[in-house]
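Read the structure below first, then the notes.
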Amino acid sequence: MELRAQKPLEKIKVKELCDLACINKSTFYAHYQDIYALANAMEDEMVEVVVESLPQLTARDVSERTEWLTRETVSYTHLREMFRAFTRNQTEIGILFSGSRQGLFINRVEAAMSKCISESDPSFDADVVRKIVLSFCVQGCYYTFTS
């Protein structure tokens, strides 16, 4: 994280990382193929932290109705909690998903949420309308957060 905060991922060398972490290059390569594999693992962990902090989301929560915009619906709760999760992890998200990796974060969050919903309701995969609503909510929340 320290190196990622200082420079873009593309500029970080494995030797530099190993020197900072006080490990041998062979130790690094025993766990990761390259610096990008480490970056992916760190990013996956951040996405997991955000998604796991959200209330359980079901396919019913992502309905084709527009009621999710009102305060009374479950989806408002999910949007509020998603925004809070982004805020709690703002520094780490900003570091891990900067530069060329900036657009990856929210797409990974959306994919993880879609997977959770599909596990509880396999019909979600074929429901284009609910997938669009989910995408709109997730992407819109992140846009608002970054703005």
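The values are calculated or read from the model by the stated rules, or taken from the named source; none is laboratory data. Since the structure is predicted, the reported quantities are computational estimates derived from the model, not experimental observations. Heads up, the Cβs are rebuilt from the backbone with ideal geometry, glycines too, and the neighbour counts pull from every protein chain shown. The area values use the complete protein model at the heavy-atom level, side chains included, leaving out ligands, DNA and RNA. Shrake-Rupley method; radii C 1.70, N 1.55, O 1.52, S 1.80 Å.
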## Note on the structure
Using alpha carbon centers only, the range 21-39 is separated from the range 42-56 by a whole-angstrom value of 23
### Query
In the chain, what is the count of Lys pairs whose alpha carbons are under 15 Å apart, counting only pairs at least 8 residues apart or on separate chains?
4
### Query
Hey, if you put +1 on the Cβ of every Lys and Arg and -1 on every Asp and Glu Cβ in the chain, which of 21, 111, 33 ends up farthest toward the positive end of that dipole?
21
### Task
Name the longest site-free stretch of the chain, where the excluded sites are trypsin sites (Lys or Arg not before Pro) in a DSSP loop with no more than 16 other beta-carbon atoms within 10 Å.
72-147
### Query
In terms of the Cα gyration tensor, with a ≥ b ≥ c the square roots of its eigenvalues, is the range 4-47 rounded because a/c is under 1.5, prolate because a/b exceeds b/c, or oblate?
oblate
### Query
Got a sec? What order do 2, 81, 119, 43 fall in by accessible area at 1.4 Å, biggest, i.e. largest, first?
119, 2, 81, 43
### Query
Dipole magnitude of the chain about its Cα centre, charges +1 at Lys/Arg Cβ and -1 at Asp/Glu Cβ only, in debye to the nearest 20?
440
### Message
Once neighbouring chains are kept in place and the probe is 1.4 Å, which whole percent of the accessible area of the chain is contributed by carbon and sulfur?
### Response
54
### Query
What helices in the chain pass both tests, a Cα length along the helix axis of 18 Å or more and a mean Kyte hydropathy of 0.5 or higher, using whole DSSP H runs?
35-52, 128-146
### Message
Taking 0.36 nm per residue of sequence separation and subtracting the Cα-Cα distance, how much length would be gained by fully extending the chain between residue 22 and residue 5, in nm to one decimal?
### Response
4.3 nm
